[in-house]
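Have a look at the structure below, then the notes.
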Amino acid sequence: MELYPPKPPQQRRHLISVADLDRDDVERILQTAEGFETVMHRDLKKVPTLRGRTVMTVFFEASTRTSSSFELAAKRLSADVVSLKASGSSVDKGESLRDTVQTLSAYDPDVIVIRHPSVGAAARVTEATDAHVVNAGDGCHQHPTQCLLDLYTMRAAKGTLDSLHVAIVGDVTHSRVARSNIQGLLLMGARVTLVGPPTLIPRDVQSLGVEVSHDIGAIAAADVVYVLRMQKERMAPGAAYVPSLREYTALWGVTSARVRPSQLVMHPGPMNRGVEIAADVADGPNSKVIDQVRAGLVVRMAVLYDLLAGPGPAGARAAPRPLAIATQEVA
Amino acid sequence: MAQRLFQADAEPADVIIAGGRLVDPTAGFHGEAADLRIQSGRIAEIGHDLHDPDAERIDATGLTVTPGLVDPHVHLRTPGDEHEEDIASGTRAAAAGGFVAILAMPNTSPIVDSASVLGGLVETARSEAAVATGFMCAITRGLEGRSLTEMGELAAAGAAAFSDDGRPVAEAGMLRRALQYSAVTGLRLALHEEDTSLSAGGQMHEGSVSAELGLRGWPAIAESTMIGRDLGIARYEGAGLHICHVSVAESVAEIRRARDLGTDVSAEVTPHHLCLTDEAVRGLDPTATKMNPPLGSEADRAALIDALADGTIDCIATDHAPHADHEKDAPFEEAPFGVIGLETAFAAVYTHLVEPGMLPLQTVIERMSSGPALAFGLPAPGLARGRTADLAVWDLGASRVIEPPYASRSRNCAFAGRSLRGVCRLTISGGRVAHRLIEAVA
């Protein structure tokens, strides 16, 4: 008997980018997430669905809510979870991303959840492992589960995403959340307006199908005001995209005076209170920030479920369309 | 004048290339079938029914014979990074791509900024180079843009030209001085044009694709504004300039304007900028699609093809830039810039531009042979009696999928996985057979 028998080729599904999803995929995941809401209200908040499965979260970048929410989601589904904070350390020692992933893959994880500071890192990981890969953020590129939880939150509050008008406000250039949400919102029939200083809105971004305004007044027409974090670390002298945070807040800060009562206010966190969002807005009746965090748990449960037990590996070939782009034969 | 090209000694060829279609616009051949008799490495005769009992005979019926190609922009990674390329492997790759002469860039470690480093390269080339190889030397010591290299001594030691390639000469005053001083050598400066205050952190061409992918955009003006500045300086000094790897429409406009004003400018474009666009970056594979300057938009590509057709750009150059697999096997933003191109240059241009009717074969041959040779004052290969045999024989009907093994020691090819038409069957450089994929007639 061979010590390491070769694995049969298998369809592997990954969630790398929102662009990999179609409307049906999104609908299915959001419905699955709704189903898990009931579990959250039970005394015993745990289902045995993924018992015996292993989920590894590998974070090369700091994270509070994404890492904790993936970890808890896997645990609520009874999977075994290994959480690694690899921030920089292996790179400092000269280990390549491929080597790190191959090392972890020796434990045969079913899912690897990866966050990495570089665009394209998650896609590279799929080449180095037999596990399903979920992108928990790669540089300024994509953060698909954030998009799904935001869609979930908006739909729960507004009933539908169709024709919903969402204003995304702030530093779009450096935001993977914005990129994923633009794709997800447009996919589901929403309308998107980007609002922010010209230095923080990417050139030619209109080609994605969004409108652009540099006037904060443009948020008045929106149903949802989605506030992005002002990335203070990029505001160092010399890299100044705006003259000062003070001026940014004056021109583009989301304050109670600029928000209508019927509007939802959302933020992916972490918030800089008093910079991009005023404290009274963050804590006010329009704010859905805590709902977003709660949605993150059930949506990530749904994503793990969809990959491992939903249309699942067994049903993947028969499924009308698999979850992710990166459907590939893995030898 | 000092010798500028160096090559390993080998037996001169005695061969008859029979029945091939000759294409050499400067010699007036436009596809006529003829025999070439090469004796002791020289073209002894061009005609019909040629015979020589002492020469071997190659049946080139259905094949195309052109002047050998000249590449003014190659990174041989020697000295210092011989695991990526060395003079032997790089010149074999050149020969396999139909090149009979190449110019190597000086951004090696150590940098080629002294006669002693240059001397070592010349010596190695004399024993290892499969095709004629020239070495560009740095414009500024250490490529740091602060002080001039000893250009007089370097020229005497065999420098082919001067370049800080990989980096711009950032300060206008420094470039002006380099243009003034290099006049004593008669050698050209080849400039990598990039305003790094505009391109800083850039990963790919700035446009709709970079907006979508979240990769930091590299604006077209990072190249074009520097070209405009430097051509203005050259015009003022009455000096000549060569512009490396032009990649965007804005740069073409600057060069066209400078030509109209009578500036002595030559310019090159790479096969990957002629054949691919930033759409290719969507796959986020840095091995094949990350290079400096980055792949431009479709409009940029169209402008480059126009410029090549009307002579605004007079050279095709590969910017062959080998990198080790493990360096390129990284997330896009962490991988180094550069792709290899010697073995695929002609086939890529033939497949993407000649076959679809966008450029005539004659123009491509001119831009890949006499164009770069004349820009750098090198002898232009030609199919003419009495000339040293510097030629390539092509099978333009054959296609192949680009995949390893390559003659190059590296595998970061921009065209990997693509099927390209145009296979080089024979390369004769300096009268010596440098590459051969064809049998003699028994």
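Every read-out reported here was derived from the displayed coordinates using simple, explicitly stated rules and does not represent laboratory data. Please read these numbers as outputs of a predicted model, since none were measured by experiment. Neighbour counts run over all protein chains shown; Cβ positions are idealised from the backbone, glycine included.
Neighbours of B:Ser224 by Cβ distance under 10 Å: Lys/Arg scored +1, Asp/Glu scored -1, total -4. Computed over chain B with a Gaussian network model linking Cα atoms closer than 10 Å, the most mobile of B:Ala93, B:Ala330, B:Ala60 is B:Ala330. For the peptide B:331-340, the mean number of other protein chain Cβ atoms found within 10 angstrom of a residue's Cβ is 5. Across chain A, the mean sequence separation of Cα contacts (distance under 8 Å, 6 or more residues apart), normalised by length, yields a relative contact order of 24 percent. Close amide H partners of B:Ile340, meaning residues 5 or more places away or on another chain with modelled amide H under 5 Å apart, are B:Ala321, B:Asn412, B:Cys413, B:Ala414.
Every helix of 4 or more DSSP H residues in chain B counts as -39500 (n - 2.57), and over all residues that averages to -7500 deg cm²/dmol at 222 nm.
If you take all C-alpha pairs in chain B, what percent of them are over 28 Å apart? The calculated P(r) of chain B puts 46 percent of pairs beyond 28 Å. Residues in segment A:255-269 carry Karplus couplings, in order, of 10, 4, 5, 9, 10, 8, x, 7, 7, 8, 10, 10, 7, x, x Hz; the curve used is 6.51 cos²θ - 1.76 cosθ + 1.60 with θ = phi - 60°, and Gly or Pro positions show x. Estimated from helices alone, the mean residue ellipticity of chain A at 222 nm is -10000 deg cm²/dmol (sum of -39500 (n - 2.57) over DSSP H runs with n ≥ 4, per residue).
Note on the protein assembly as shown: dipole from Cβ charges, positive end direction compared against A:Val101, B:Leu189, A:Pro285; the farthest Cα belongs to A:Pro285. Taking the C-alpha atoms only, the angle from helix B:221-237 to the longest principal axis of chain B is near 80 degrees. Among the trypsin sites (Lys or Arg not before Pro) in segment B:269-349, none sits in a DSSP loop with a Cβ that has at most 16 other Cβ atoms within 10 Å.
Think of each Lys and Arg Cβ as +1 and each Asp and Glu Cβ as -1; about the Cα centre, that makes the dipole of the protein assembly as shown roughly 2460 debye.
Tell me the net charge near B:Gly20. Cut-off is 11 Å between Cβ atoms, B:Gly20 excluded, with +1 for each Lys or Arg and -1 for each Asp or Glu. Neighbourhood net charge equals -2. For segment A:271-304 versus segment B:31-73, the inter-centroid distance based on Cα atoms is 75 Å. Residues of chain A were split at every exposed loop site, defined as trypsin sites (Lys or Arg not before Pro) in a DSSP loop with at most 13 other C-beta atoms within 10 angstrom, and the longest piece left, sites excluded, is A:94-316.
In the elastic network of chain B, a GNM with C-alpha springs shorter than 10 Å, the most mobile of B:Thr61, B:Thr140, B:Thr289 is B:Thr61. Under a 5 Å amide H cut-off, with hydrogens placed 1.01 Å from N, B:His30 pairs with B:Asp24 among residues at least 5 apart or on other chains. The value given for the protein assembly as shown is a Kirkwood hydrodynamic radius of 28.7 Å, derived from the mean inverse Cα-Cα separation.
Among beta bridges from DSSP that stay inside chain B, the antiparallel ones total about 50%.
Under a 5 Å amide H cut-off, with hydrogens placed 1.01 Å from N, B:Ala434 pairs with B:Thr427, B:Ile428, B:Ser429 among residues at least 5 apart or on other chains. Could you grab the relative contact order for segment B:1-141? Cα pairs under 8 Å, six or more apart, rounded to a whole percent. Once normalised by length, the contact order is 27 percent. Couplings for segment B:376-389, taken from phi via the Karplus curve 6.51 cos²θ - 1.76 cosθ + 1.60 with θ = phi - 60°, read 10, x, 9, x, 7, x, x, 8, 9, 4, x, 7, 4, 6 Hz in order; Gly and Pro are left as x.
Over chain B, Cα pairs under 8 Å with separation of 6+ residues give a relative contact order of 21 percent. Shown in residue order for segment B:281-297 are the 3J(HN,Hα) couplings computed by the Karplus curve 6.51 cos²θ - 1.76 cosθ + 1.60 at θ = phi - 60°: 6, 3, x, 6, 9, x, 4, 9, 10, 10, 8, 10, x, x, 4, x, 7 Hz (x for Gly and Pro).
Take the cross-link list A:Lys288/B:Lys290; A:Lys75/B:Lys328; A:Lys46/B:Lys328; A:Lys75/A:Lys158; A:Lys85/A:Lys158; A:Lys85/A:Lys232 and give me the ones stretching past 32 Å between alpha-carbons. Cα-Cα > 32 Å for A:Lys288/B:Lys290; A:Lys75/B:Lys328; A:Lys46/B:Lys328; A:Lys85/A:Lys158; rest within. Rounded to the nearest 0.05, the FRET efficiency derived from the C-beta distance between B:Ala33 and B:Asp260 at R0 = 51 Å is 0.80. When you filter the trypsin sites (Lys or Arg not before Pro) in segment B:343-442 for DSSP loop state and at most 16 other Cβ atoms inside 10 Å of their Cβ, you are left with B:Arg385.
Within 10 Å of the Cβ of each residue in B:196-204, the mean number of Cβ atoms contributed by other protein chains is 1.
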